[in-house]
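The values are calculated or read from the model by the stated rules, or taken from the named source; none is laboratory data. As the structure is a prediction and not an experimental result, all values here were calculated from the model. Cβ placement follows ideal geometry from the backbone for every residue including glycine, while neighbour counts extend to all protein chains displayed. To get the accessible areas, we keep the full protein, side chains included, count just its heavy atoms, and leave off ligands, DNA and RNA. Shrake-Rupley method; radii C 1.70, N 1.55, O 1.52, S 1.80 Å.
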Amino acid sequence: EDYLGHIKKTESELKSGWKNDAIRRVKFGLILREISAVERLVPSEKDLDAQVDKILLEVGEEERKKASRASLKEHIFGRLQNEMVLALLENEK
């Protein structure tokens, strides 16, 4: 309630704003995924493993023990693939 008062919005206004942003993000993600499929943009295993190793080296021992290499690799895959799509689109200007 304090936060809502501070930003001068109702709970429904806040949810509505989040909903619109969420819809925009989902559409953007679907578009990026479709472009990557059409253009056959797939990060190499070498790049994926390098990024995963880099992240695992940057975190502490406790976080490393908790980390799922497969989940991290999946996350990195999506990020690298999106970067590849954006680079492709920038080069087509």
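Summary of computed values
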read-out	value
Per-region count, the stretch 40-75, residues assigned to a helix (DSSP H, G or I), of a type outside the set (D, E, K, R) and farther than 23 Å from LYS27 by Cβ	10
Residues of the stretch 19-60 satisfying the condition of being within 15 Å of LEU86 (Cα to Cα) and more than 18 Å from the chain's Cα centre (by Cα)	VAL38, GLU39, ARG40
Selection from the stretch 50-75 of residues that are exposed (fewer than 14 other Cβ atoms within 10 Å of the Cβ) and in contact with a helix residue (DSSP H, G or I) (Cβ under 8 Å, 6 or more places away or on another chain)	LEU56, ARG64, ARG69
Filter result (among the acidic types (Asp, Glu) and either in a loop (DSSP other than H, G, I, E, B) or touching a helix residue (DSSP H, G or I) at 6+ places or on another chain (Cβ under 6 Å) (or both)) within the stretch 76-93	GLU92
Matching residues in the stretch 24-38 - criterion: being open to solvent by 90 Å² or more (accessible area, probe 1.4 Å) and not aliphatic (A, V, I, L, M)	ARG24, ARG25, LYS27, PHE28, ARG33, GLU34
